[in-house]
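The values are calculated or read from the model by the stated rules, or taken from the named source; none is laboratory data. Values in this document were obtained by computation on a predicted structure and should not be read as measured data. All Cβ positions, glycine included, derive from the backbone under ideal geometry; neighbour counts span all protein chains shown.
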């Protein structure tokens, strides 16, 4: 299929049509792409490197955003915090970390959930019962509590300095482990439907191993709903990370995500320097809103019953 | 059966009526206050820290206490003085009872003083001159000193007296060692003679005190209950005060002072504090614990210390971090303390980064080096933020500082000298000190600057083990010198020595800022103690 052919077929498809016909979704995509670009290109685009202490100067501290005060400075368009860090650059670097954690945690949860769901649905019996009861038990705890618990256990095991170094892995693991259930249940349900279909029986008859059947034949047919969950969970994972960081158990202040920035800014919320907390807050809200709108749209667009 | 029921009902109604009657005659005056961090322990010898001692002073009494003007006044001792240059006597107040009703006697005093000068006690530095403490009779204690110590009574104004019987019964006769994270019964319980009794203690959450109805002193407060809660987040603390959830906030974050002053329901009480906040180095180890330089200790080189000292811009910290509410200094004592030398309180000019780098290169570190740094995050005003600013300032001269900011209990356990006199586990640290026992500079020399010595109990808070023989000598001499002019000359010389040696990096005195609801009346002493006995709820 040539590129032109692909483009023609894509332009003709239902999904493209439903995308085009909803201005909200077009906007959400634009905003998401913009934030993604700004975040991942932050080392190139950001005007300052706020977390390299050698570049900071206390004399630049507490500058208001431009248009909001006399000593505002165009080098710091959104102002600076009390250590002289540029708020705009902090947000760009912080968003990058938030997104990295969000994507990594979602991917981790997805891989874990899919694997357990496939095994559970395909093998059945005691294995199925065990995995699904485990999932039921975990569903009774809010994801945030599970993440707090995992983080707390890790903190008890290692020293503070060591924890700061591996904080990002801990947080990805904690969020990933608290989100796998949804994937596992969805995949299991689809597998139960698929495994009795003729193509699976045919694969079994020609002697393929169960692992191969699960990964090569069943998995591609259950990926649709999984992707929808992943998109919606991405927003949720970013929010969970922000909540953990806001509570002070997430990423350290030497390597702040949006949540950490909001926590640091919150200390001075009532003292007139509103820009330190408001801008990271707005960024987080806009980012999660845009990702969630995309997720909702994808869910509807991929659902044949809604067409 | 029926008759019995009726009898019970009557009894219940009577009890209810009594209870209501009592409530209407004495109106409940609950006083709720908050601070960033919790009191580390209920044991008055756990830590030589103003906040802890000041909090426990409400539950325990000292022999001699500070009055509103910081002068001495009788507490558990009604009379005290020197019988000879090396013998002190304390005549104890008769008919004083502990909170459990047991009588207070000379045995409790001897026990408490010995407990405070041994075991894991952090107050040993107040016993450097003591030779023997003995009970003469139930109401008299005498103390022999090794040499004349005219300041003994004022040093002991913060040594609080515990119940001997209670401590022994509960296996708490020896003070727990904070540097080893030890605990015993006295860590979470208290038995003193003071104006308030400990009703409930939940570490890190809430501490409730109620007035002692049998206190020997006439209370100047009108409280019926005191609730203390630690609230680490400054914005939450401010919001709680504005909403009336708490009546008083100890140590207001500087950035919020202006906002609180504008609130008509609140008042802000402020004054300069005698505490100096400073940075210190590990001078003692031959290799730093937390550094990439192996086999030698860069901080032993005066040029390195000078480069650090002269690269830290305290004026910028004052402007950005302290919002103008600090008083930069070059000395380890504040104005108002006897022995403050105004002529020497001038910070050397700041170096340009190239100049500081040259100093480091001359010392053998052309590419700078890496060091750990310890800092509390709930002890001094904006402590963690000051440390972050210092990290940035040192980064510009090629020093990579790995900052570890922790809550006060963990931080103190890590950095303070151990009971066996080994140095604190730190390379570079922040600490604050106020000579609030004697208001004399000798306390600072003896505790922070003299070479640490387990036998003489000097230099106990000289965390990094700075050692200068000449300063040691001068400090010992000034302790006994009675001629003011000669003593001042010694102080001048010793002060010049440690400042020129860049032994420490003094940063500033913080302002003491408290805030309270309009209906609260209280008294703020300059040493940042908060005595509940002067609090009135209107």
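Of all residues in segment A:154-172, those that are over 23 Å from the mean Cα position of the chain (by Cα) and more than 14 Å from every other protein chain (Cβ to nearest Cβ) total 1. For the residues A:257, A:253, the requirement of being in contact (Cβ under 8 Å) with a residue 24 or more places away in the chain and over 28 Å from residue A:118 (Cβ atoms) singles out A:257.
Of all residues in segment B:206-235, exactly one satisfies the criterion of being more than 23 Å from residue B:521 (Cβ to Cβ), surrounded by fewer than 16 Cβ atoms within 10 Å (Cβ to Cβ) and free of Cβ contacts under 8 Å to residues at least 60 places away in the same chain, namely B:206.
You will find that of B:160, B:152, B:209, the residue that is modelled with pLDDT of 95 or more and either within 19 Å of the chain's Cα centre (by Cα) or within 30 Å of residue B:480 (Cα to Cα) (or both) is B:160 and no other. The set of residues in segment A:74-92 that are part of a helix (DSSP H, G or I) and away from chain B (no Cβ under 14 Å) comprises A:87, A:88, A:89, A:91, A:92.
Step by step: first the residues of segment B:271-311, then only those that are crowded, with 19+ Cβ neighbours inside 10 Å and within 14 Å of another protein chain (Cβ to nearest Cβ), then the one that is modelled with the highest pLDDT. Which residue is that? Only one residue fits best here, namely B:311. Among the candidates A:213, A:232, A:276, the residue that is closer than 23 Å to residue A:52 by Cα and modelled with pLDDT of 85 or more is uniquely A:276.
Of the helices (runs of 4 or more DSSP H) entirely within segment A:115-212, those holding at least 3 residues that are touching a helix residue (DSSP H, G or I) at 6+ places or on another chain (Cβ under 9 Å), surrounded by 13 or more Cβ atoms within 10 Å (Cβ to Cβ) and touching a residue at least 12 places away in the same chain (Cβ under 8 Å) occupy A:125-139, A:143-157, A:160-194.
The set of residues in segment B:230-270 being within 10 Å of another protein chain (Cβ to nearest Cβ) and in contact with a helix residue (DSSP H, G or I) (Cβ under 6 Å, 6 or more places away or on another chain) consists of B:235, B:238, B:253, B:255, B:256, B:259. Residues being at pLDDT below 95, farther than 23 Å from residue B:272 by Cβ, under 26 Å from the mean Cα position of the chain (by Cα) and outside any strand (DSSP E or B) are represented in segment B:479-496 by at least one member.
Of the strands (runs of 3 or more DSSP E) lying entirely inside segment B:59-165, the ones with 1 or more residues being within 28 Å of residue B:535 (Cα to Cα) are found at B:64-66, B:72-74, B:77-84, B:87-92. Can you tell me which residues in segment B:375-413 are over 18 Å from residue B:317 (Cβ atoms) and within 11 Å of another protein chain (Cβ to nearest Cβ)? B:398, B:400, B:402, B:404, B:406, B:407, B:410, B:411 - these are the residues of segment B:375-413 that are over 18 Å from residue B:317 (Cβ atoms) and within 11 Å of another protein chain (Cβ to nearest Cβ).
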